[in-house]
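Step one of this worksheet: look at the structure below.
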Amino acid sequence: MNIFKYKVPNFLRNVWLFRRELTEFRWWDYGYTLSMLRRSLEIMATKFEKDGIEEDISRMKKVDKMKRAIEILSNVRGVAHIEMAEKELGKLFAGPVEFKESESRPGLYELVDNETPQEKDHNRKVFKRASEIEESEWKELWEIFRGQDCKSCKIGKKKNWNDWFDGSGMRGWWD
C-alpha cells in the first residue's frame with residue numbers, strides 16, 4: 001500500500017520537476033544526460049541553501065560549488081564558450097551569407113567565402129580559445145565532483161578545517 005501513498009506521488013512530482021529535461025531527452029546525446037544532472041543539482045542547491053540543516057559555513061561552500069557545477073553544465077549546451085572567447089579576443093567576423101550557382105554542378109548553389117585571410121585567422125583563434133575554455137571548464141567540473149584530497153589536509157593548530165574545505169566533493173553533498 002505504500003506504493004500508492006509514497007511512490008506514485010513522488011514519481012508524479014519528479015516527472016513535473018524534470019518535465020523539460022524529459023521531453024528533450026535523447027539517448028544518443030550526452031548533453032541530455034548532463035541536462036538531467038544540471039536540473040538535479042539545481043533542485044539540490046535550492047533545497048540545501050534554503051532548508052539545509054548543516055552549519056552555514058560548510059553548507060554554503062557546498063552550495064557555491066553546486067552553483068558553479070550548474071553554471072558549467074549550462075555552458076556545455078550552446079555558445080557560451082564562444083561568447084567567452086569573443087570577450088577576450090573580439091567578435092567573430094561573420095559577413096553576409098552569399099550563394100552563387102555552382103559551375104561544376106549546374107542547378108546547385110554553393111556558399112561564397114568572402115572572409116579575408118585576417119578574418120579567417122581571427123575566427124580560427126576565437127574557436128581555438130573557445131575550445132580551450134570548454135576543456136578547462138570540463139576539468140573543473142569533474143574536480144568539483146571529485147572533491148579535495150583529504151590526505152593533503154593538514155588540520156591542526158595552524159589550520160582550521162573550515163579554512164581548508166572548499167565545498168567540493170559530490171559524495172558529501174547530502175543533508
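The values are calculated or read from the model by the stated rules, or taken from the named source; none is laboratory data. This one's a predicted model, so the numbers in the text were calculated from it and none came from an experiment. Using ideal geometry, Cβ is built from the backbone for each residue, glycine included, and neighbour counts are taken over all protein chains shown.
In a loop (DSSP other than H, G, I, E, B), touching a Ser or Thr at 6+ places or on another chain (Cβ under 9 Å) and either β-branched (Val, Ile, Thr) or surrounded by 11 or more Cβ atoms within 10 Å (Cβ to Cβ) (or both), is that true of PHE93?
yes
Any residue at all in the stretch 135-148 that is in a loop (DSSP other than H, G, I, E, B) and either under 23 Å from the mean Cα position of the chain (by Cα) or modelled with pLDDT under 95 (or both)?
For the stretch 135-148, residues in a loop (DSSP other than H, G, I, E, B) and either under 23 Å from the mean Cα position of the chain (by Cα) or modelled with pLDDT under 95 (or both): present.
Scan the stretch 1-52 for residues that are surrounded by 12 or more Cβ atoms within 10 Å (Cβ to Cβ) and among the basic types (Lys, Arg) and jot them down.
ARG38, ARG39, LYS47
When residues of the stretch 116-139 are filtered for being surrounded by 15 or more Cβ atoms within 10 Å (Cβ to Cβ) and within 15 Å of VAL76 (Cβ to Cβ), how many remain?
Adding up the residues that qualify gives 4.
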